[in-house]
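Engineer: Structure incoming, see below.
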Amino acid sequence: MFSSLDILPSDPILGLMAEFRNDPNPNKVDLGVGVYKNEAGLTPIMAAVKTAEQHVFAGEDTKSYIGPAGMPEFNEAIKKLIFGESHPALQSNRVATVLTPGGCGALRVGAELLKRSEPKTRIWVGDPTWANHLPLLGNAGLKIEQYPYYDRATSKLTFDAMMSALEQTSEADVVLLHGCCHNPSGADLSPEQWRAVTELAEQKGFLPFIDLAYQGLSVGLAEDAYGARLMAERLPEVIVASSCSKNFGLYRERVGSLSIVGTNSSSASTAISHVNNIVRGMYSMPPSHGGAIVAEILNNSELQDSWQSELGMMRDRINDTRHLLVQKLRDAGVDRDFSFIESQHGMFSFLGISKDEITRLKTEYGIYIVGSSRTNMAGVSLANVDYVADALARVLK
Ligand code: LMR
């Protein structure tokens, strides 16, 4: 059976992670995969997560099934975190949310729902977008179209070109948007631009599918959900996929959510009945442990405060690091203007350097960035920033 298969190259992001692990260079720096790292270069378990996990262990009295939708405690709490407690769509019961295995699970189940609702639908994704969006959405059978989003040459958003491309959409189309901390560019829509895209969605009738994988890591929990909240208020239908990998640091637990905003309570419930049916046919039901941790944190004010404050520190560290790296590059004598890194948000920015320069960073200095030049700013620290800036200065000479 398997002799008909050809071996595939490893995933561009996960393969780099493995290469880094096997590199014996003592000075190596991992700026590849999107995980948060502290000043010591570690991806710690957040304090609130540790405590919540103990509560979960102590309080759990069964390992019986939880069902395709996951746990109501999680679903209700994450819905409020995403949309805000007093959001009109929540007040009118237009939002139905389920627990998914990570943001990836939410994206894939959402794509399956779209395919089932409108088999001919096209999904428009930005150029560039996170590489894994393409298989997650495309493997569900959706036709993928692209809209221009970011110009690597000028390191700027191509908003006008994006809007012109989206003018070609119709009611049968879906547009994938990054809620905040755009992966891979770090260039986000401003509130004004979110309003313009929302107006266009009103005119053209397309359905926004928002990937909110980094809520809390750009400006703040509410600010980072601006686009999702606005669209859920103004538009009849929206889908939001969220991830708890980064903002709760629960990467390997695989916790995320899928929210369907419907025209009314009954349409949201109908859509969720299909979501549950799709889940049953794919993985039957999500794992509960990570969702139980998040529910415990969000439903306990002390843990919620601790989590928010640690998340705020992580966010500040990334934003400070962006400034520090740009300063150190100047100090190292780099003429090229990297100041765009300071106005971008979240873990990533494109350095905009060549393939050859990326390879030299890896082979000569043990500095790992993704082949597109996407660089994880959270991997830069006080301990390695001089090394990284000097290496870049040498490679760019
Ligand atoms: C990334 O973009 O590096 C992360 O979201 C991890 C992944 O699964 O690709």
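Bear in mind that the values in this text are calculations on the coordinates, not laboratory data. This structure is a prediction, so every number in the text was calculated from the model and none was measured. Don't worry about glycine lacking a Cβ; one is built from the backbone with ideal geometry, like all the others, and counts go over all protein chains shown.
Engineer: Per-residue HN-Hα couplings for the stretch 31-38, Karplus 6.51 cos²θ - 1.76 cosθ + 1.60 at θ = phi - 60°, whole Hz, x for Gly and Pro?
Structural biologist: For the stretch 31-38, the Karplus curve yields 10, x, 4, x, 10, 6, 10, 8 Hz.
Engineer: Tell me, what ³J(HN,Hα) does each residue in the stretch 210-225 have, in order and in whole Hz, if you take phi through Karplus 6.51 cos²θ - 1.76 cosθ + 1.60 with θ = phi - 60° and put x for Gly and Pro?
Structural biologist: 9, 9, 10, 9, 9, 4, x, 9, 9, 10, x, 4, 6, 4, 6, 9
Engineer: A further question follows. Using the Kirkwood formula over every pair of different C-alpha atoms, what hydrodynamic radius in Å results for the chain?
Structural biologist: It works out to 21.8 Å.
Engineer: Looking at the stretch 214-305, which chymotrypsin sites (Phe, Trp or Tyr not before Pro) are in a loop (DSSP not H, G, I, E or B) and have at most 15 other Cβ atoms within 10 Å?
Structural biologist: TYR283
Engineer: Calculate I(q)/I(0) for the stretch 268-318 by the Debye formula, one identical point scatterer on each C-alpha and no solvent, and give its log10 at q = 0.25 Å⁻¹ to two decimals.
Structural biologist: -0.88
Engineer: Separate question: If packing is taken as the average number of other Cβ atoms within 10 Å across a peptide's residues, how do 327-337, 90-100 rank, most packed first?
Structural biologist: Those peptides, ordered most packed to least, come out 90-100, 327-337.
Engineer: Out of the chymotrypsin sites (Phe, Trp or Tyr not before Pro) in the stretch 1-65, which ones are loop residues according to DSSP with at most 15 other C-beta atoms within 10 Å?
Structural biologist: TYR65
Engineer: Starting from the Kirkwood Rh over alpha-carbon pairs, what translational D in µm² s⁻¹ does the stretch 107-180 have by Stokes-Einstein at 4 °C and 1.567 mPa s?
Structural biologist: So the translational diffusion coefficient is about 101 µm²/s.
Engineer: Suppose we flag GluC sites (Glu not before Pro) only when DSSP calls them loop and at most 15 other Cβ atoms lie within 10 Å. Which is the longest uninterrupted stretch of the chain?
Structural biologist: So the longest stretch without any such site is 172-397.
Engineer: What angle do you read, to the nearest 10 degrees and between 0 and 90, between the alpha-carbon axis of helix 102-117 and the longest principal axis of the chain?
Structural biologist: Value to nearest ten degrees: 50.
Engineer: Which FRET efficiency value, to the nearest 0.05, is calculated for ALA47 and SER117 with the Förster distance at 41 angstrom and r the Cβ-Cβ distance?
Structural biologist: 0.45
Engineer: I'm checking a number: the convex hull volume of the Cα atoms of the stretch 10-111, normalised per residue, in Å³. What is it?
Structural biologist: Taking only Cα atoms, the stretch 10-111 has a hull volume of 201 Å³ per residue.
Engineer: If I fit a long axis through the Cα atoms of helix 385-396 and take the longest principal axis of the Cα atoms of the chain, what angle between them do I get, 0 to 90°, rounded to 10?
Structural biologist: Once rounded, one gets 70 degrees.
Engineer: Moving on to the next point. Rounded to the nearest 500 deg cm²/dmol, what is the calculated helix-only ellipticity per residue at 222 nm for the chain, with -39500 (n - 2.57) per DSSP H run of length n ≥ 4?
Structural biologist: The per-residue figure over the chain is -14000 deg cm²/dmol.
Engineer: Just list whichever of LYS120/LYS156; LYS120/LYS204; LYS79/LYS246; LYS28/LYS397; LYS328/LYS397 have alpha carbons separated by over 25 Å in the model shown.
Structural biologist: LYS120/LYS156
Engineer: Can you give the percent of C-alpha pairs in the stretch 65-299 whose distance is more than 22 Å?
Structural biologist: Roughly 47 percent, once rounded to a whole number.
Engineer: Please rank ARG234, ARG280, ARG122, fewest neighbouring Cβ atoms within 10 Å first, as an exposure proxy.
Structural biologist: Ordered from fewest to most neighbouring Cβ atoms within 10 Å, ARG234, ARG280, ARG122 come out as ARG280, ARG234, ARG122.
Engineer: What do you get for Rg/Rh of the stretch 43-96 when both radii come from the Cα atoms and Rh is the Kirkwood radius?
Structural biologist: Taking Rh as the inverse mean 1/r over Cα pairs, Rg/Rh reads 1.08.
Engineer: Taking θ as phi - 60°, what are the ³J(HN,Hα) couplings along the stretch 119-130 by the Karplus curve (6.51, -1.76, 1.60), each to the nearest whole Hz, with x for Gly and Pro?
Structural biologist: x, 8, 4, 10, 10, 9, 10, x, 10, x, 9, 4
Engineer: Next up: Can you give the angle from 0 to 90° between the axis of helix 355-365 and the longest principal axis of the chain, with both taken from C-alpha atoms, to the nearest 10?
Structural biologist: For helix 355-365, the angle is close to 70 degrees.
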